[in-house]
Structures are given as structure tokens and as C-alpha cells.
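Working notes, structure below.
Throughout, read-outs are computed from the coordinates displayed, never taken from laboratory work. Just so we're clear, the structure is a prediction, and the values are computed from it rather than from any experiment. A quick note on method: Cβ atoms are made from the backbone with ideal geometry, for glycine too, and the neighbour counts reach across all protein chains shown.
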Amino acid sequence: LLPAEAEALVRALQGTELRDIGGQGWLRQHEYVEKLNMHGILSASAGQEQLLTELLVTHAKIPVLIGELISVEIWKRKVFPVLCRLEDFKPRSTFPIYVVLHHEASIINLLETVFFHKEICESAEDSILDLIDYCHRKLALLAARSTKAQAADPVPPQELQKQAEMMEFEISLKALSVLRFITDQVDSLPLSALTRMLNTHNLPCLLVELVEHCPWSCWEAGKLKKFENGTWHVVPPEDQVKMTKLDGQVWLALLNLLLSPECQRKYRFDGFNKSQLLKLRAFLTDVLIDQLPNLVEMQRFLSYLAVTDPAPPKKDLILEQVPIIRDHILKKNSGKWEAIAKHQVKHAFSPTEEELKFQARRWAQTYSLDMMEALAPDKPRCRVCGVEAAKRCSRCRNEWYCTRACQVQHWQKHKPACNLMA
């Protein structure tokens, strides 16, 4: 994007009512978010994301993006299940639905790109509390997630729900990165934000759960598989002890939350918390510390914690801020979920043939395949065996394979999604 184009798109970002999600105005906004998201990734890869950061701060759009993030999260939880049960919900309506499901992923991806910068974190102001709550909900889902794959179901609404679950996993991983960037700024966060992370949500113990269970890693048929760059792939034996980016995000967040003097002053090191934190000692091997030398400080802290009882936090009398965005949306729409779903079936998710063609042309311009491939950090891998792939499904152009044999093997699972995408 040219600077003037980027500024125009940032200026156009605005909050949306829950019932308007999926409508024409909302779809335009999603288009703006997606273009800014792709622009942000390309700019960051070239080390030139400063312009986008300045625009988002200058026009105070971070709270708007956080509000949109939470609106779509609520829509997925409250409206989407009702929508799938309505008789008027037709399979051809799924095209706009995919865009709505993708919207949350686009926003959290954009936030992940820009939250590396301190001024972005500060510009969130009071909405940082809502973002912390949002990240906590996603990390709790991640910690509880089963790694067992589910069989594909050909019924469109159920296929959509499966797609939503897959997106939920990837969104949760992005939320982990955003949370880590927030913890990088503990010295400049409001006191309420620190209290919320340490005591209200007890994030250190939740992060210990992620270290212990590692939901982005699993064993399948005797092979270790890890989730990186949007796909599961088999890890060769020589790389199994190698720290992934996701492992690094968890350890860095723990370092920020446990070793900061302000955090140590506010955190409750009671019997339960202490026992949970000491579980980390088993994971702090020499191999791990070689990859992230800062963990030596963590090792020293845990050794000290094992033999002492830190002083309890001072009970200061303070006025604490509370997050308001999510509560406001829930109160405003409480009891109206079915009415909202029926309104959206009629006005947003039952497009005419002409409307579908028009919208498809717009998305084809937004989701340019050449652009998407430029954004990919690595070469595509085969959906079946995980090796580098050069062939793509010619119908939906969404899945990659190394050979025709792998494509044929995967067809029955891929067919429902291929039909919908095509």
C-alpha cells in the first residue's frame, strides 16, 4: 500500500454493531483490515512497519480493533451456533460465513504484527484490559485443547464448525504472541493490567500448563509433529529438542512475569502457585538454556524459590479499573441471539447470485494468490506427508501435495472443504 492508501484504510476503521456483522458495510471493513494485515506483514518482514504503527497510534485505532476482535468472538460463541440450527440457513450462505470466521484471525494477526512496539501497547489505553482478558480466554482454550484430530463431516454447517475450531486453535497461538508482547511492557502498563495478569487470571500458572502440555506438539504413529507457520509437520529426530517460536513465546512471557521486580512484588507466591512454578525446573535443561540463555536467570530464581517463602504481596487499597468492552456488548445483546441470527440470515447470509459474484470478485482482488504466497514464510508442504510440495489442488487452490498419490489419498477428507471453497 502507498502511505496515503494505508492512512485512508486506517481512518476508515470503526466499531460495528453485533447485528451488522456480515453485512455490506462490515464486509468492506473486513476488506480494509485484511489489506492492512497483509501490508503489516510485508512491511514487518522488510523492517518498515513504522508507518502503520504511527497511523494506528495517531488515529487511536487500537481500541477499535480490540472492540472488533471481541465482537466477532462473541458472535462466534453466541450467534453462530444459533445460525447453524436455523432452517433458513442454506449451504450457499457459507461463503460470507467463512469471511466472518476469518475476520477474528485477521485482526489478531494484525495486532501480533504491531504489538511488538511499545507505543502500540500504550495507545490501547483502557482497552488493554479487554485484550488481556481475551488472550487469557484463548490461552485457557489452548491449555484444554485435545490434540486428537476429528473426522471431516460433509454437512456444511458441521464442516463450518470444524473450520471454526481449526481457526480457533491458530487464533489462540496468535493470542499467545500478543500476550507475550504485552508482558514485554510490564513497566509501562497500568497497575490494573498487571494485577489482572498476575492475580485475577494467574497467567504464570497458565503458562506453566502450556509448557507442560505443549498443545502445538503431539506424537502420531510414533513420530513427533509440531505446529509451525500454519501447518503440522513431522520433526526429524535431530530437531526434536529444538525450541520452536511458540515455545520461545511462553518462556519469554514467563521471564517477563516472574523476574520483573514489580511483578514479584504483586504476585502471590502461595503454596499452590509455588508448586506449579517449580514444575518448570524439570524443563530447564542445558539444551534449552543454550537456545535461550536468559533462562539461566529463571533457573536461579526457581532455585531460590524452592528454599524460601517470598513475602506476601502488600494489600494496598487501590481503585481498580475493569474491562468494559465485552460486558457492554453482552449486556446490550443479551437475550437477542436468535433475533440477531434470523436478521443476519435474511440480510447477510442469503446473498443472491449477483451479490455472490460481485463479492467474490472483490475477495479475489483482496486475497490475491500471488500476494498470499509472498506472505508465506516457508515453501508449501504436502498436506499428507509434510514434505515440500509443488502441486496444488486445481479446484480450490487451497491445499498442496507432493504427488498425485498424496492428493488422491487425501481427497475424501478434502472434498467437503474443496466444494465449499470452490
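Restricting to DSSP loop positions (anything but H, G, I, E, B) with no more than 13 other Cβ atoms inside 10 Å of their own Cβ, which GluC sites (Glu not before Pro) remain in the range 223-327?
GLU320
At a Förster distance of 25 Å, what's the computed FRET efficiency of GLN14 paired with SER188, Cβ-Cβ distance as r, to 0.05?
0.35
Which FRET efficiency, nearest 0.05, do GLN321 and ASP270 yield, Cβ-Cβ r, R0 25 Å?
Working: r = 25 Å, r/R0 = 0.99.
Rounded to the nearest 0.05, the efficiency is 0.50.
For the range 191-320, what size does the Cα cloud have along each of its three principal axes, sorted from largest down, in whole Å?
So the extents along the principal axes, rounded to whole Å, are 54, 31, 23.
Quick one: 3J(HN,Hα) in Hz for the range 325-333, Karplus 6.51/-1.76/1.60 with θ = phi - 60°, rounded, Gly and Pro as x.
4, 5, 4, 5, 5, 5, 5, 5, 10
When the helices in the chain are scored as -39500 (n - 2.57) per DSSP H run of 4 or longer and the sum is shared across all residues, what 222 nm value do you end up with, to the nearest 500 deg cm²/dmol? Working shown, then result.
Details: 21 runs with 255 residues, N = 422.
Calculated mean residue ellipticity at 222 nm is -19000 deg cm²/dmol.
Quick one: which residues, 5 or more positions from MET243 or on another chain, have an amide H under 5 Å from its amide H? H modelled 1.01 Å from N in the peptide plane, none for Pro or chain starts.
Counting only residues 5 or more places away or on other chains, the set is empty.
Mind checking Rg over Rh on the chain, alpha carbons, Kirkwood formula for Rh?
Looking at the chain, the ratio lands at 0.97.
Could you tally up the Lys pairs in the range 161-304 with alpha carbons closer than 14 Å? Skip any pair fewer than 8 positions apart unless they're on separate chains.
4
State the extension gain, in nm to one decimal, for the chain segment bounded by SER394 and ALA306, taking 0.36 nm per residue of separation less the distance between their alpha-carbons. Let's see the in-between values first.
Values: separation 88, 0.36 × 88 = 31.68 nm, distance 5.86 nm.
Computed gain between SER394 and ALA306 is 25.8 nm.
If you stretched the chain out fully between PHE169 and ALA339, how much longer would it get, using 0.36 nm times the residue separation minus the C-alpha to C-alpha distance?
Extending this stretch completely gives an extra 58.3 nm.
Give the range of the longest stretch in the chain that excludes all trypsin sites (Lys or Arg not before Pro) found in loop regions by DSSP and having at most 15 other beta-carbon atoms within 10 Å.
Numbers: sites that count: ARG145, LYS148, LYS242, ARG268, LYS314, LYS315, LYS336, ARG395, ARG397.
Free of exposed loop sites, the longest segment is 1-144.
Starting from the Cα of ILE289, step 7 Å toward the Cβ, then list every residue of the range 228-262 with an amide N under 20 Å from that point.
Hits in the range 228-262 for ILE289 at 20 Å: 241-244, 247-260.
Out of residues 5 or more away from ARG392 or on other chains, whose amide H comes under 5 Å of its own, with H placed 1.01 Å from N in the peptide plane?
Answer set, sorted by chain and number: TYR401.
Mean shadow of the range 382-421, computed from the convex hull of its alpha carbons, in nm²?
For the range 382-421, the mean projected area of the Cα convex hull comes to 2.4 nm².
Which ³J(HN,Hα) values in Hz, rounded to whole numbers, follow from the phi angles of the range 343-357 under the Karplus curve 6.51 cos²θ - 1.76 cosθ + 1.60, where θ = phi - 60° and Gly and Pro get x?
3J(HN,Hα) across the range 343-357, in whole Hz: 4, 6, 4, 6, 9, 10, 10, 10, x, 6, 4, 5, 4, 4, 5.
Once label points are set 7 Å from the Cα along Cα→Cβ at both ALA282 and GLU262, what is their separation, rounded to one decimal in nm?
Distance between label points: 3.4 nm.
Quick one: 3J(HN,Hα) in Hz for the range 45-56, Karplus 6.51/-1.76/1.60 with θ = phi - 60°, rounded, Gly and Pro as x.
5, 9, x, 10, 7, 4, 4, 4, 4, 4, 5, 5
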